[in-house]
Amino acid sequence: MTVTTIHHEHTAALHTSDTRVPVTTRWTYRADEPYALTIAFATERGRWVEWIFARDLLIAGMHEHAGEGDLRIEPNVDDDTLLLHIHSPSGSATIELDRADTQDFLDHTLDVVPAGAESTHFDIDRLLADLTAG
């Protein structure tokens, strides 16, 4: 079985106290995991830091403040970007994403698995097998 996977890379901006630092991001969406997507951030040490979150959160965050807790997304009122706020025990960060690039990625995911049709692409038997594998 061939699984459709979408990859998208673009440069975002990490907000620091007085400047914005470019950071490479890599977005991934898999049709066999239709509810989730992954965003990874390249570090200076050549590693990637990944966050997995609900695709519905990104859909909502394109138009209004969305999310609670560790990851929140909202349109930036000052320009045509999105703000991704990430919180973890080791710190927090705000990443500024190009809204058009993010929408392009999201549109591709919706072409593969339309919103509301996720359950028809989700393999519950595979999930149960993964959870019960010893």
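When Ile59 is tested against (1) within 18 Å of Thr5 (Cβ to Cβ); (2) at pLDDT 95 or above, just one condition goes unmet, and that condition is (1).
When residues in region 41-56 are screened for being touching a residue at least 12 places away in the same chain (Cβ under 8 Å), farther than 13 Å from Leu97 by Cβ and among the hydrophobic types (A, V, I, L, M, F, W, C), 5 of them pass.
So that you can scan it fast, the table gives a plain yes or no per residue for (1) of a type outside the set (A, V, I, L, M, F, W, C); (2) under 15 Å from Trp27 (Cα atoms); (3) in contact (Cβ under 8 Å) with a residue 24 or more places away in the chain:
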site	(1), (2), (3)
Leu82	no, yes, no
His85	yes, no, no
Ser90	yes, no, no
Ala93	no, no, yes
Thr102	yes, yes, yes
Ala115	no, no, yes
Glu118	yes, no, yes
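Can you work out which of the residues in region 1-34 that are among the hydrophobic types (A, V, I, L, M, F, W, C) and outside any strand (DSSP E or B) is nearest to Leu97 (Cα to Cα)? Checking each candidate, the answer is Ala31. Taken over region 16-62, the criterion of being loosely packed, with under 14 Cβ neighbours inside 10 Å, of a type in the set (Gly, Ala, Ser) and within 16 Å of Ala93 (Cα to Cα) is satisfied by Ser17 alone.
Here region 5-15 is the region considered, the condition is being open to solvent by 30 Å² or more (accessible area, probe 1.4 Å) and not β-branched (Val, Ile, Thr), and the residue that is modelled with the lowest pLDDT is His15.
In the set (1) touching a strand residue (DSSP E or B) at 6+ places or on another chain (Cβ under 8 Å); (2) closer than 22 Å to Ile59 by Cβ, Pro34 fails one condition alone, (1). The residue that is nearest to the chain's Cα centre (by Cα), among those in region 35-72 that are among the basic types (Lys, Arg) and part of a loop (DSSP other than H, G, I, E, B), is Arg47. I'm checking my understanding of the structure. Among residues of region 64-88 that are of a type outside the set (A, V, I, L, M) and exposed (fewer than 11 other Cβ atoms within 10 Å of the Cβ), which one is nearest to Pro114 (Cα to Cα)? Here the answer is Glu64.
The values are calculated or read from the model by the stated rules, or taken from the named source; none is laboratory data. Remember, it's a predicted structure, so these values are computed and weren't measured experimentally. Quick reminder, even Gly has a Cβ in these numbers, built from the backbone with ideal geometry, and neighbours come from all protein chains shown. Ligands, DNA and RNA are excluded from the accessible area calculation, which covers all protein heavy atoms including side chains. Shrake-Rupley method; radii C 1.70, N 1.55, O 1.52, S 1.80 Å.
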